[in-house]
Amino acid sequence: MTEPGKALYIIACAAGPAGDVGRLVTMAQEQGWTTQIIATPSALDFIDVPELEKLTGRPVRSRYRKPSEPKPPRADAIIVAPATYNTINKFAHGICDTYALGLLAEAPGLGIPVVVLPFVNSALASREPFRRSVETLRAEGVHVLLGPGRFEPHAPSSGAEVVETYPWHLTLPELGEFD
Ligand SMILES: Cc1cc2nc3c(=O)[nH]c(=O)nc-3n(C[C@H](O)[C@H](O)[C@H](O)COP(=O)(O)O)c2cc1C
């Protein structure tokens, strides 16, 4: 159980499991987290925004606020799930062209724990740039849940068949592994 009221930002990217991100919200709420969904612009097509807003009691955010709008509270922890090939590579390279990536760009420097649960097929996961991105993020203290007993890449074009087995449940306990 986490300290009540701690803010967990859940960043959903544009991959099949995003439609089930409410499952992670419910698990986190049961552990006492206040949850905030951040969607990449592409992920908006994969999620049910009104349903998630009802579940979290907060607007789903996918773009930067206007300068005149109030600053939202800082995250105590961030989970990126599902994390795409695109967002993982951009995060590792410091690219900051979506609101989600803007939050991620600062998080390691602010000491905010970040857990990344990828959803990529084996063709994407085998690419050298992707493997380097995972190494880079791990070297910066980001916990990337990729490998045996974590997320294991599926065969290309089989994502829809394995979406139900996506291991959402691994993310929250991983937050307890940060110092
Ligand atoms: C139906 C559909 C399923 C997709 N599934 C995946 C996926 O499983 N993993 C992945 O990395 N990209 C997947 N993509 C591609 C991403 O949506 C695309 O790279 C997008 O630019 C990612 O944007 P984001 O990282 O900002 O969310 C999928 C695209 C579509 C249309």
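Below, the figures for the structure above:
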{"item": "Selection count where residues are surrounded by fewer than 18 Cβ atoms within 10 Å (Cβ to Cβ) and more than 14 Å from the ligand (Cβ to nearest atom), scope region 62-104", "result": "13"}
{"item": "Qualifying position, being touching a strand residue (DSSP E or B) at 6+ places or on another chain (Cβ under 8 Å), more than 16 Å from the ligand (Cβ to nearest atom) and not basic (Lys, Arg), among Val115, Val134, Val144", "result": "Val115"}
{"item": "Close pairs (8 angstrom Cβ cut-off, 6 or more residues apart or separate chains): of a type in the set (A, V, I, L, M) in region 98-109, surrounded by fewer than 23 Cβ atoms within 10 Å (Cβ to Cβ) and assigned to a helix (DSSP H, G or I) anywhere", "result": "Leu101/Lys90"}
{"item": "Residue match in region 113-121 (condition: touching a His at 6+ places or on another chain (Cβ under 9 Å), more than 25 Å from Phe46 (Cα to Cα) and open to solvent by 20 Å² or more (accessible area, probe 1.4 Å))", "result": "yes"}
{"item": "First in region 75-96 and aliphatic (A, V, I, L, M), second anywhere and open to solvent by 40 Å² or more (accessible area, probe 1.4 Å), Cβ under 6 Å, 6 or more apart", "result": "Ala92/Thr136"}
{"item": "Total residues in region 1-41, condition within 15 Å of His169 (Cβ to Cβ) and among the aromatic types (Phe, Trp, Tyr)", "result": "1"}
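The values are calculated or read from the model by the stated rules, or taken from the named source; none is laboratory data. The structure presented is a predicted model; accordingly, all values stated were derived computationally and were not measured. As a convention, Cβ positions derive from the backbone with ideal geometry for all residues, glycine included, and neighbour counts pool all protein chains shown. Side chains included, ligands, DNA and RNA excluded: accessible areas come from the protein's heavy atoms. Shrake-Rupley method; radii C 1.70, N 1.55, O 1.52, S 1.80 Å.
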